[in-house]
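Engineer: If you scroll down you'll find the structure; I have some questions about it.
The values are calculated or read from the model by the stated rules, or taken from the named source; none is laboratory data. From a predicted model like this one, the values you see are computed outputs, not experimental measurements. Every residue, glycine among them, receives a Cβ derived from its backbone with ideal geometry; neighbour counts consider all protein chains shown. Each accessible area value is taken on the protein alone, full model and side chains, heavy atoms only, with ligands, DNA and RNA left out. Shrake-Rupley method; radii C 1.70, N 1.55, O 1.52, S 1.80 Å.
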Amino acid sequence: MRWPRANAKWALGSFALALTLPVVAQQAPESLLPPGFGDAPEAPAPQPARPAPPTTPGAPAPAPGTPATPAPVPMVQPLDPALTAALSQEADNAAEDELTPEEIAAEKAKYDLPDSARRSLDRIGPLTPQTRGFEPDAFGNEQGQYLAALMRSIHAPIVSRWASILLRRALLSATDTPRGINGADWAAERAWLLLRMGEADSARMMVQSVDPDRYSPRLYAVAMETYLATADPAGLCPLSAGALRTSKAPGWDMTRAICPALSGDQGSASGALNQAQRRGVVRGIDYRLAEKVVGTGFNARRSVNIEWDGVDRLTAWRFGLATALNVEIPNDLYATVGPHVRAWEARAPALSPMRRRPGADIAARLGVFSSAALVGFYSQLDSEGDSSGEVADRIDALRTAFAGNTVRDRIGAMRTWWGDGARSDYVGLIATARAAAALPVAQADGQDAANLVGSMLTAGYDRNAARWARAIGQLDGDGASQVWALLAAGAPSPVVDISSSRVSSYIDVMGADKGRALIAALAGLSRLSPQEAGSLAQDNGLSLAAGSRWARAIGAAAQRGEKATVALLAAVGMQGQDWSGLPATHLYHVVAALHQVGLDPEARMIAAEAISRS
């Protein structure tokens, strides 16, 4: 996505301009789905039953009518534990620094828009049903504190790329603010989870969906992390005055120096910076990065060298300022944070494509980048002549995959991305999805056919993949079984024989783990009869019963037709670093719940992903 330029007052000086490029984010996010995906009429959702609040797996059920008390949770990557207060303390700070009626009136007087143009806190989010968002009541009548607690419980990124794409859609939808939570706090919880998923741009759209004079202390804290994650320190400036009234976080204190510098007031910037140094607001690398930002301003006379010696971890402050300044961060510091930070790096406008390349592959795997965005990134890498060696070879292979002279040439080029083993590189499958969808059904090796079908399903080209059903009789080996399983679960409608005997044959060839994933997928999609599903599950050590609070919660949400709640609970049940650690029973309850609320396309893609990656 291309972000509009910031206001001109922040654009003085060449480096200051670079810092302000991504300030405003008003467009809808890029769709990660191909045209036509999921456009078939949805099955009507069941009539809602009596609401029941969801609970996380293993957590004690709250008493009816009792709001859940959120546990204090630190920010994604705070400046420093000794310097930055936890989010739970922000409310206490606000209580101490409440605005007087005169101050409130003064703040309102600064706001240009009439009351009729102000955005309500009752419904927040950039996506609507017309732009592939969920309906306003997609969270049903759930308690806001329950939903917020579920969001905080998710250790993102989650294992399933498709579940992450679905959750992103749910979090960005313009849904009604649940009862029992302030609208600004509700936006903050959604943005915070998006950040942990690697969705920095989406998080910024969420925090920008609330008018600045309606920010809560919690939203100010999340906004700080968001603008750092997007490498956009200038984005903090319109919020600085309000944040300083309610927060004692050092990052906001440092905006006293950063924001005047970006607007050309070097005198005020230098004075504030010197005062911050005397008071010890930030020290070491954190101070030097802020000093370097100040030094990029118009008429600045500061020259700062950044040395990472002795720095033992990466924080949002360090990432955001260093990336905005195009200061290279040592690779070993990325090992101190989760993969979501690499996804932040992938979209940083100040970095060259080669610098963003490790993050681009991770962003695709997490669902932050679509297949088209990944191909576009490598096209940019090629056009800027910033590639050599192995990277150049991959770019050449990708070009041949799309435009080779023969089908054999194209498939051969795709193998460069897929790898040689039976378990293909998932990023390679994502990169070649559109090229695979453009191929005619042709004679192919069994493993190649499995990779082609799996590749198409990474990007939702389910109708293109379904055409390969007629080639199954010509395939042999493990690849033939894999093609059958992917189409059995991923095709828009049954295009292959699905029976107990066929499933048993697949298990004999591919093993028990993949077999349980297939049984869970087909049972959840109702492509096996209840009797067949129960018998196969029992024979293969798989329980389809709702034996946990989480399973009962996602089932109840599905019965009430709450699409967004189901998407959130699906993410709760799919936490983990690897598909091998995800119980097949969790896959069954996720797929069944999505299927029941009319999210059948997403249910099928998650099922196919499980078969490809388990």
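Engineer: Can you confirm whether residue 387 is open to solvent by 10 Å² or more (accessible area, probe 1.4 Å), closer than 30 Å to residue 475 by Cα, assigned to a loop (DSSP other than H, G, I, E, B) and of a type in the set (Ser, Thr, Tyr)?
Structural biologist: No.
Engineer: Right, something else. Could you list, ordered by first residue, the pairs with Cβ atoms under 9 Å in which the first is in the range 271-286 and part of a helix (DSSP H, G or I) and the second is loosely packed, with under 14 Cβ neighbours inside 10 Å and at pLDDT below 95, at least 6 apart or interchain?
Structural biologist: 277/283; 284/310; 285/307; 285/310
Engineer: In the set 327, 311, 337, which member is in contact (Cβ under 8 Å) with a residue 60 or more places away in the chain, outside any helix (DSSP H, G or I) and β-branched (Val, Ile, Thr)? Break it down stepwise before answering.
Structural biologist: Numbers: 327 fails: in contact (Cβ under 8 Å) with a residue 60 or more places away in the chain; 311 fails: in contact (Cβ under 8 Å) with a residue 60 or more places away in the chain.
Unique residue meeting the criteria: 337.
Engineer: Kindly provide the set of residues from the range 414-428 that are open to solvent by 10 Å² or more (accessible area, probe 1.4 Å) and on the phi < 0 side of the Ramachandran plot, ordered by number.
Structural biologist: Initially, the range 414-428 is screened for residues open to solvent by 10 Å² or more (accessible area, probe 1.4 Å), giving 415-416, 419-426.
Hits for the range 414-428 are 415, 416, 420, 421, 422, 423, 424, 425, 426.
Engineer: Now for a different question. Being open to solvent by 10 Å² or more (accessible area, probe 1.4 Å) and closer than 22 Å to residue 324 by Cβ is the filter here, so list the residues in the range 352-365 that pass it.
Structural biologist: Selection gives 352, 354, 355, 356, 357, 358, 362.
Engineer: Hey, among 592, 610, 570, 564, which residue is in a helix (DSSP H, G or I) and in contact with a strand residue (DSSP E or B) (Cβ under 9 Å, 6 or more places away or on another chain)? Talk me through it step by step, then tell me what you get.
Structural biologist: Numbers: 592 fails: in contact with a strand residue (DSSP E or B) (Cβ under 9 Å, 6 or more places away or on another chain); 610 fails: in contact with a strand residue (DSSP E or B) (Cβ under 9 Å, 6 or more places away or on another chain); 570 fails: in contact with a strand residue (DSSP E or B) (Cβ under 9 Å, 6 or more places away or on another chain).
Within the list 592, 610, 570, 564, the selection yields 564.
Engineer: In the list 556, 545, which residue meets the criterion of being of a type in the set (Gly, Ala, Ser), assigned to a loop (DSSP other than H, G, I, E, B), open to solvent by 10 Å² or more (accessible area, probe 1.4 Å) and out of contact with any helix residue (DSSP H, G or I) (no Cβ under 7 Å at 6 or more places or on another chain)?
Structural biologist: Just one listed residue meets the conditions, 545.
Engineer: So, one more: Checking residue 194 against (1) crowded, with 24+ Cβ neighbours inside 10 Å; (2) of a type in the set (A, V, I, L, M); (3) touching a strand residue (DSSP E or B) at 6+ places or on another chain (Cβ under 7 Å), which test does it fail?
Structural biologist: (3)
Engineer: Kindly indicate which of 398, 314, 381 is open to solvent by less than 60 Å² (accessible area, probe 1.4 Å), modelled with pLDDT under 95 and either touching a Leu at 6+ places or on another chain (Cβ under 7 Å) or among the aliphatic types (A, V, I, L, M) (or both).
Structural biologist: Matching residue, one of 398, 314, 381: 381.
Quick grid of which residues meet (1) among the small types (Gly, Ala, Ser); (2) within 22 Å of residue 486 (Cβ to Cβ):
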{"site": "515", "(1), (2)": "yes, yes"}
{"site": "519", "(1), (2)": "no, yes"}
{"site": "572", "(1), (2)": "no, no"}
{"site": "583", "(1), (2)": "no, yes"}
{"site": "595", "(1), (2)": "no, yes"}
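Engineer: Related question: Hey, residue 479 hits all of (1) crowded, with 21+ Cβ neighbours inside 10 Å; (2) part of a helix (DSSP H, G or I); (3) at pLDDT below 95 but one; which does it fall short on?
Structural biologist: Here residue 479 clears every test but (1).
Engineer: Would you mind telling me which numbered condition in (1) within 14 Å of the chain's Cα centre (by Cα); (2) of a type outside the set (D, E, K, R); (3) over 30 Å from residue 258 (Cα atoms) residue 339 fails?
Structural biologist: If we test residue 339 against (1) within 14 Å of the chain's Cα centre (by Cα); (2) of a type outside the set (D, E, K, R); (3) over 30 Å from residue 258 (Cα atoms), just (3) comes out false.
Engineer: Given (1) at pLDDT 95 or above; (2) crowded, with 17+ Cβ neighbours inside 10 Å, identify the lone condition not met by residue 438.
Structural biologist: (2)
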